[in-house]
Amino acid sequence: MGIIMKSKNTLWILFKSMFLLSACTFGGGFVIVSLMNKKFVEELGWLEEDEMLDITAITQSSPGPLPVNASVIIGYRIHGVTGSLVAILGTILPPMIIISLISLFYTQFRTNKYISVALLVMRAGVAAVILDVVWELAVKVFKTRRFLYIAMMLLAFLATWFFDISAMTIIFVCLAIGVIDLLLSLRKE
Amino acid sequence: MQLLILFFSFLQVGLFSVGGGYAAIPLIQAQIVDIHGLMTLEEFTDLITIAEMTPGPISINSSTFVGTRLAGPIGAIICTLGCILPSFVICLTLAYFYYKYRKFSGVQTVLGALRPAVVALIGSAGLSILLLALFGDSTTYQLSDIHVIELLLFLFSFLILRLGKANAVTIILGSGVIGTFLYLFR
């Protein structure tokens, strides 16, 4: 179920991708989700775009750290339970290694000017990656030419940006709208 | 004994932190500082600072930091395991059902309504990071306060990405290296 390829090489690419993404992800969960989208949808072609959005929604509404949640699901999709474990390992190793080192050299780390500047300027690159992914996805939503979808995208943006409504709430409201949409289409038939 | 306490503390953090990194902070504080007194509030503040400055999810960073401080590398592994175990079980179950039923057209209709909202959520997160990069902690967003180096890095990175000339990791690390260079030698 849901397993598309089987080879040692696949597992290695999965591990390597998760490791690299996790090693350079600063900021919240949506950052890594857009990086995963870039990697697994655009670069590797392992996942479909819609699928990645569904995974994001599931990830966001489950407990636990988002990158780990996403790794579990993507890993499962690529290579079953083994894939899940490999993906988790790739995701948690970089922060574990980095934090272990830092907890030894904490003071030096906090006062190093190169490190603090690098961490600040990297945000510009992170923002570019996320907005590039969003551009791509938003164009697709507009191309559906469904008023409901376009309106929901704009409203969800307003809700989170201006009214600070939590992502979970937005996802559950949209899920409810989706169910209503389904019931209406069933009635038409 | 302490290892067992650590494991169950972080199991609770993993189980009850819904909705991402910042939701986990008060939970970790409750478990580690308030209930078990394993760390002082000052150490905890340091921990959050480090967790925010370094890559990786805040709860993984915290479990490693707390674990290492209190019980060395084994502590780090125990805490992290506790933290990710609920994720693993719950998401694996959800993944199983998702891949079993997603081809049904009814499920597709419901999920279809969800996707535009997810795009909006990602967009909003991206925009916050962009504002943070361009204006720092200032929240007035005066055009005169804009960080020029970050603005150039952003525009350049965005252009390269739109043209499909580089992957995400290269862009982020590249902007870190080039940006640091520009800041220190301008």
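If you check A:VAL117 against the conditions, is it closer than 20 Å to B:GLY176 by Cα and crowded, with 19+ Cβ neighbours inside 10 Å? Break it down stepwise before answering.
Values: closer than 20 Å to B:GLY176 by Cα: yes; crowded, with 19+ Cβ neighbours inside 10 Å: no.
Spelling it out, it is not the case that A:VAL117 is closer than 20 Å to B:GLY176 by Cα and crowded, with 19+ Cβ neighbours inside 10 Å.
Among the residues making up region B:69-87, those that are surrounded by 21 or more Cβ atoms within 10 Å (Cβ to Cβ) and within 9 Å of chain A (Cβ to nearest Cβ) are B:ALA76, B:THR80, B:CYS83, B:ILE84, B:PRO86, B:SER87. Restricted to region A:151-167, and to residues there that are in contact with a helix residue (DSSP H, G or I) (Cβ under 6 Å, 6 or more places away or on another chain) and at the interface with chain B (Cβ under 7 Å from one of its Cβ atoms), the residue that is farthest from A:ASP54 (Cα to Cα) is A:TRP161. When the residues of region B:89-103 are filtered to those that are within 26 Å of A:PRO94 (Cβ to Cβ) and surrounded by fewer than 22 Cβ atoms within 10 Å (Cβ to Cβ), the one that is farthest from the other protein chains (Cβ to nearest Cβ) is B:VAL89. Tallying residues that are under 17 Å from the mean Cα position of the chain (by Cα), of a type in the set (A, V, I, L, M) and assigned by TED's automatic domain parsing to the domain that holds B:LEU6 within region B:79-127 yields 1.
Inspect region B:121-138 for any residue being modelled with pLDDT of 85 or more and among the β-branched types (Val, Ile, Thr) and give the result as yes or no. Checking region B:121-138: not a single residue is modelled with pLDDT of 85 or more and among the β-branched types (Val, Ile, Thr). Take the conditions within 7 Å of chain A (Cβ to nearest Cβ) and crowded, with 17+ Cβ neighbours inside 10 Å and apply them to B:SER63. Does it pass? So B:SER63 fails the test. If the condition is being within 7 Å of another protein chain (Cβ to nearest Cβ) and β-branched (Val, Ile, Thr), then region B:104-162 contributes B:THR109, B:VAL110, B:VAL118, B:VAL119, B:ILE122, B:ILE129, B:ILE149.
The values are calculated or read from the model by the stated rules, or taken from the named source; none is laboratory data. Treat the numbers as computed from the prediction; the structure is a model and nothing was measured. Glycine gets a Cβ as well: all are built from the backbone with ideal geometry, and neighbour counts include every protein chain shown.
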